[in-house]
Amino acid sequence: MPETSKPTVGLFVTCLVDLMRPVVGFAAVKLLEDAGCKVEVPASQTCCGQPAYNSGDKADTLDIAKNVIAAFEGYDYVVAPSGSCAGMIKDHYPEAFADVPKWLARAENLSAKTYELMSFLTDVMSVSATNAEFSGTVTYHDSCSGLRELGIKDQPRALLSSVQGLKISEGNETETCCGFGGLFCVKYPDISEKMVDAKVDDIVKTGADTVLAGDLGCLMNIAGRLQRRGVDVKARHAAEVLAGMTAAPAIGEPVEGE
Amino acid sequence: MQPTSPNFKQNAREAIADDPLQAALAKLAVGFPMRRLEAAQRLPEFEDLRDQARDIKNHVLENLDQYLEAYEKKVTDSGGHVHWCRDAKEARETILDICRKAGAKTVTKSKSMISEEIAVNAYLEENGIEPVETDLGEYIIQLRKEPPSHIIAPAIHLSKEQVADTFRNAHIDLAADRDLDEPRSLLEEARAKLREKFLGADVGLTGANMLIAETGTNVLVTNEGNADLTNNLPRVHVVIASIEKIVPTLEDASTILRVLARSATGQDISVYTTFCTGPRRPEDLDGPEEYHVVLLDNGRSEMIGSEFHEMLRCIRCGACLNHCPIYKSVGGHAYGWVYSGPMGAVLIPNLIGMEEAQHLPNASTLCGKCESVCPMRIPLPKMLRKWRERQYKAEMGSATARWALKSWAWLAKRPALYRRVMNAGVALLGQFGGQGRFKSLPLASGWTSKRDLAAPAGDTFISQHHKGARGDQSGALMRKKVH
Ligand code: SF4
């Protein structure tokens, strides 16, 4: 594709990926570029504002959202490696600005071009396969916002099934919340523990050696509980596998030799 | 009842440690959702019916005053009486008054969440009238002096052994060594006990799943037939219902019936669906001599037009409870009042106050499962968030948490500073995170009390990316196998 006709994508890397797991950001860049996009990463991005929104702090939500809108509205598309953050921009920005007419149109404009990474690859860029390899059995956890706000279910599975050597073993409860819920998991740790334990049990039943998902929040929760329980299942963001960037340790695992 | 909602956290902890409860919840967690799914799949127009049901109730709520008046007129025309009650107290007093005038000693009751909401049982007892619950589940919890733990399956939290114990303690006139191992024998014992009560009752008190404006009819949905004996046998039938139960026509009622049982239990329709209109007419073979409707507001009219308006579409099917991972973890009693699950978390603060119920809207991951199954398409997560907004404005909740959120938001609004602080923070954490994760970490104990915390895996993505890093692409380029 000639440079000029390539769509420009603003990568909304998400605060968790930025701080905790840069490899997901690199994987996203690679996947988007391989799909024929020109990728830019605006340095003025921080967070989508969801923690404030879900805590009832509407004023800060709107301020943070305005930053995001200003930083990203110039791109053809905005893509996030997270159903939760993409859902925030796509579904909740227009809702949050419903009675701020000055910003509503801008929020809706951004909403219309915002996508979660894997669904963007399949639904917009018509990617049906990647050339990555991964030898192992994985199971996929459907993160709540991606699944129920954005309808992401088949897209990651379609892409993953093109990865050579990868086998998918489905759980029975892939659509059940893992108990992360942002601040929920620290505010109500007992309930969250009960939920993530059910998730871990379901993962163990699949016999998979790796659990994949499209949201780092859920993954850190699940990985942390797997590790606390001493269960030998690794956790990775699906983009790492799709981009073939699995040389780095899985979530929460030490670098080899350390 | 005195709400225990302020102790939600403690209630939840106890519920999680309660083995019989957990066993019961595990069964519910599989059974109800599976049956609902199968029922929905059997009916191609199910999703359309949900839209229609939602639209019917939206229309009613926009014209509620008219429909209520039309309904009242029809009830009166058919020889019944409508009593308008502003709150629980008025409703209790009205019911007592009707009972007194009827000279009632015993009141049989079929399951009604509104009667739980106004706590009429305790009130009648205090005034020398014996209320007898005739729905099996309600009967059991009445003997145990417990509130319902589920809006359609009030005793779902109990094992059959616990029920057998309850019966042994309550029915002391029966042989102590009788066999109560099978659910059948429990059912038969309850049936025998209740038969005496049905025949002796002076007043029958029922709820209403719907009130039909065009005919002045109340609709009752049960699986045990106990509502029919409750409204037919006693001399006086009292219906207690809240104002949003109105639907315009019989046709509308049947649309809602088509989604109700499917959403609730996965049945195409419940075993008994009863339509009662007024007292017995001369040509009727049976039926009550008097027919009263106690119409309760209790906060509903204030919800109209508020951000909780849509909650008034609720038909109390229980699907949101059956599919809620929080409900399935802690059961109904943890919520601390008569309602529970997502619908309870939205409704309870409206009814007992935001302060008392402040945990409930927060104890949710907003996973959205409830909304996805609600037959009336009520946006429950959105309304939970609305409560959080009200609480935030009222400065409720932990001051430390508010301060932390405020500081983070302050920083998130200042990208350049945010970047410097985060780079430094990540570098600091990275120094201690050599094992890839933390087993415990100061200020993060909410997280690390239950799970390990992954350490940051290197410098922030944005700082690396802006230095031109591309990540380790060896896996992709060399098709390297990894395990
Ligand atoms: S909120 Fe919806 S799902 Fe829950 S009880 Fe009411 S109608 Fe049923």
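Some notes on this structure:
- Some residue of region B:266-279 being within 30 Å of residue B:386 (Cα to Cα), in contact (Cβ under 8 Å) with a residue 60 or more places away in the chain and either within 14 Å of another protein chain (Cβ to nearest Cβ) or of a type in the set (Val, Ile, Thr) (or both): no
- When B:152, B:141 are checked against the criterion of being β-branched (Val, Ile, Thr), under 22 Å from residue B:340 (Cα atoms) and away from the ligand (no atom under 16 Å from the Cβ), B:141 stands alone in meeting it.
- Given (1) within 14 Å of chain B (Cβ to nearest Cβ); (2) closer than 17 Å to residue A:236 by Cα; (3) open to solvent by 30 Å² or more (accessible area, probe 1.4 Å), index of the condition residue A:151 fails: (2)
- Selected residue (only one of B:92, B:100, B:50, B:35 is away from chain A (no Cβ under 14 Å) and farther than 30 Å from residue B:157 by Cβ): B:100
- Counted residues, region B:358-385 - those being in a helix (DSSP H, G or I) and within 15 Å of the ligand (Cβ to nearest atom): 12
- Counting only helices (runs of 4 or more DSSP H) that fall entirely inside region A:1-102 and contain at least 3 residues that are within 7 Å of chain B (Cβ to nearest Cβ) and out of contact with any Asp or Glu (no Cβ under 9 Å at 6 or more places or on another chain), the qualifying elements are A:15-20, A:58-72.
- Test: residue in region B:430-444 that is open to solvent by 70 Å² or more (accessible area, probe 1.4 Å) and at the interface with another protein chain (Cβ under 7 Å from one of its Cβ atoms): yes
- The set of residues in region B:4-22 being in a helix (DSSP H, G or I) and open to solvent by 60 Å² or more (accessible area, probe 1.4 Å) consists of B:6, B:7, B:9, B:10, B:13, B:14, B:19.
- Taking the criterion of being in a loop (DSSP other than H, G, I, E, B) and within 10 Å of the ligand (Cβ to nearest atom), the residues of region B:298-339 that qualify are B:314, B:315, B:316, B:317, B:318, B:323, B:324, B:339.
- All helices (runs of 4 or more DSSP H) inside region A:189-256 with 2 or more residues being more than 17 Å from the chain's Cα centre (by Cα) and touching a residue at least 60 places away in the same chain (Cβ under 8 Å): A:189-206
- Residue in region A:124-132 that is in a strand (DSSP E or B), closer than 23 Å to residue A:21 by Cα, within 11 Å of another protein chain (Cβ to nearest Cβ) and in contact (Cβ under 8 Å) with a residue 40 or more places away in the chain present: no
- The helices (runs of 4 or more DSSP H) found wholly in region B:54-141 and carrying at least 1 residues that are loosely packed, with under 14 Cβ neighbours inside 10 Å occupy B:64-77, B:88-101, B:120-126.
- Residues located in region A:113-123, provided they are open to solvent by less than 40 Å² (accessible area, probe 1.4 Å) and either touching a His at 6+ places or on another chain (Cβ under 8 Å) or in a helix (DSSP H, G or I) (or both): A:117, A:118, A:119, A:120, A:121, A:122
- Any chance residue A:163 is at pLDDT 95 or above, under 30 Å from residue A:232 (Cα atoms) and outside the structural domain of residue A:60 (by TED's automatic domain parsing): yes
The values are calculated or read from the model by the stated rules, or taken from the named source; none is laboratory data. For clarity, every value in this text was computed on a predicted model and none was experimentally measured. So basically every Cβ, Gly included, is an ideal-geometry build from the backbone, and we count neighbours across all protein chains shown. Keep in mind that these areas ignore ligands, DNA and RNA; they rest on the heavy atoms of the full protein, side chains included. Shrake-Rupley method; radii C 1.70, N 1.55, O 1.52, S 1.80 Å.
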